[in-house]
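Sharing a structure here in structure tokens format.
The values are calculated or read from the model by the stated rules, or taken from the named source; none is laboratory data. Since this is a predicted model, take the numbers as computed values, not measurements. Cβ placement follows ideal geometry from the backbone for every residue including glycine, while neighbour counts extend to all protein chains displayed.
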């Protein structure tokens, strides 16, 4: 009688392989072995950051105000992040520069020169017969040769009284402050051959000031970009502490990007306040630190944990 299983001579059903010998679902590889969400992209299981599908420049600015969206900002490439900060600082600096230029261009230098006493600037020093004081609206100008030079503290004292455009000139130095942005020029830097007079003020001082402000703002812009990243590096320490408190493992690169974008809010607020003509407000330093730290806290709480997912036990392990 034929074998109902059509078994060949010398064969054994157990030798043909049962379900477990052929490989079950776990032996063939499940979802976790093939790669889960963190292994396929975003944060890899080894902690390597893969910046994919990063937001563009405009999205970066918008997302920086919404901490739950910072997970997308952590995908931004380093070059794109540096470009974003550079454009952000450039925009703020250009707005401040335009405000300063508009303020100084509104001053009629010929009328101002007519009010000046006779004076001479030669040999790196100012000599004049009597002091000069101009006080009108938000503009304060004081020139004298009885004082060697004025400092930032002197200009800040006048700014505290409500002046926006301040020019202080001593025997050896010219100091300018506009909306709390301070610049100074030592007359000795002009060289011994440089000479000016009241007529020179009326015809050539304004172009000279404009050129000086252009150079000063270029240096100021470069410094602001560097300072932005230096502050972000300090905030990185706070971010690492927050991640530790939340018991989350997040790559350092993601934490640094969180610090960079968390600074955007208070940077924008400070820029807007500086540009409002009738508002004499500044954001306190500790308040800016507190708000930025809170933003980082909310953002880090929403970031995915980078702890590796253990592979599930396969048949044959532990049996």
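Would you point out which residue out of 76, 141, 89 is under 29 Å from residue 221 (Cβ atoms) and in a strand (DSSP E or B)?
141
OK, next. Can you pull out every residue in the stretch 181-199 that is in contact with a helix residue (DSSP H, G or I) (Cβ under 9 Å, 6 or more places away or on another chain) and either at pLDDT 90 or above or surrounded by 15 or more Cβ atoms within 10 Å (Cβ to Cβ) (or both)? Show your work before the answer.
Narrowing the stretch 181-199 to residues in contact with a helix residue (DSSP H, G or I) (Cβ under 9 Å, 6 or more places away or on another chain): 181-185, 194, 196, 198-199.
If the condition is that a residue be in contact with a helix residue (DSSP H, G or I) (Cβ under 9 Å, 6 or more places away or on another chain) and either at pLDDT 90 or above or surrounded by 15 or more Cβ atoms within 10 Å (Cβ to Cβ) (or both), then 181, 182, 183, 184, 185, 196, 198 are the ones that fit.
Here is a follow-up. State all residues of the stretch 147-171 that are under 19 Å from residue 273 (Cβ atoms) and assigned to a loop (DSSP other than H, G, I, E, B); if no residue qualifies, say none.
Matches in the stretch 147-171: 161, 162, 163, 164.
Kindly indicate whether residue 105 is at pLDDT below 50 and out of contact with any strand residue (DSSP E or B) (no Cβ under 6 Å at 6 or more places or on another chain).
Working: at pLDDT below 50: no; out of contact with any strand residue (DSSP E or B) (no Cβ under 6 Å at 6 or more places or on another chain): yes.
Answer is no for this residue.
Inspect all residues belonging to the stretch 229-249 and state whether any of them is within 30 Å of residue 163 (Cα to Cα) and part of a helix (DSSP H, G or I).
Narrowing the stretch 229-249 to residues within 30 Å of residue 163 (Cα to Cα): 231.
Next, from what is left, pick out any that are part of a helix (DSSP H, G or I): 231.
Yes, the stretch 229-249 contains a residue that is within 30 Å of residue 163 (Cα to Cα) and part of a helix (DSSP H, G or I).
Further question: Identify, from the list 133, 174, 94, 121, the residue that is free of Cβ contacts under 8 Å to residues at least 40 places away in the same chain, in a strand (DSSP E or B) and closer than 21 Å to residue 210 by Cβ. Walk me through how you get there before you give the answer.
Details: 133 fails: closer than 21 Å to residue 210 by Cβ; 94 fails: in a strand (DSSP E or B); 121 fails: free of Cβ contacts under 8 Å to residues at least 40 places away in the same chain.
From the options 133, 174, 94, 121, the qualifying one is 174.
Residue under question is residue 149, and the condition is that it be over 20 Å from residue 103 (Cα atoms) and surrounded by 16 or more Cβ atoms within 10 Å (Cβ to Cβ); does it hold?
Working: over 20 Å from residue 103 (Cα atoms): yes; surrounded by 16 or more Cβ atoms within 10 Å (Cβ to Cβ): yes.
When the stated conditions are applied, residue 149 passes them.
State yes or no: is residue 124 surrounded by 15 or more Cβ atoms within 10 Å (Cβ to Cβ) and touching a helix residue (DSSP H, G or I) at 6+ places or on another chain (Cβ under 7 Å)?
Numbers: surrounded by 15 or more Cβ atoms within 10 Å (Cβ to Cβ): yes; touching a helix residue (DSSP H, G or I) at 6+ places or on another chain (Cβ under 7 Å): yes.
Against the criterion (surrounded by 15 or more Cβ atoms within 10 Å (Cβ to Cβ) and touching a helix residue (DSSP H, G or I) at 6+ places or on another chain (Cβ under 7 Å)), residue 124 qualifies.
OK, next. Go over the candidates 293, 271 one by one and state the one that is under 24 Å from residue 227 (Cα atoms), at pLDDT 95 or above and touching a helix residue (DSSP H, G or I) at 6+ places or on another chain (Cβ under 7 Å). Show your work before the answer.
Values: 271 fails: at pLDDT 95 or above.
Criteria check complete, one pass: 293.
While we're on this one: Among the residues that make up the stretch 51-58, is at least one of them assigned to a helix (DSSP H, G or I) and surrounded by 15 or more Cβ atoms within 10 Å (Cβ to Cβ)? Give the steps one after another, and end with the answer.
Going residue by residue through the stretch 51-58, those that are assigned to a helix (DSSP H, G or I) are 57-58.
Still in the running and surrounded by 15 or more Cβ atoms within 10 Å (Cβ to Cβ): none.
Scanning the stretch 51-58 turns up no residue that is assigned to a helix (DSSP H, G or I) and surrounded by 15 or more Cβ atoms within 10 Å (Cβ to Cβ).
Name the residue, out of 269, 215, that is surrounded by 14 or more Cβ atoms within 10 Å (Cβ to Cβ) and more than 18 Å from residue 297 (Cα to Cα). Step through it out loud before you land on a result.
Details: 215 fails: surrounded by 14 or more Cβ atoms within 10 Å (Cβ to Cβ).
Exactly one residue qualifies, and that residue is 269.
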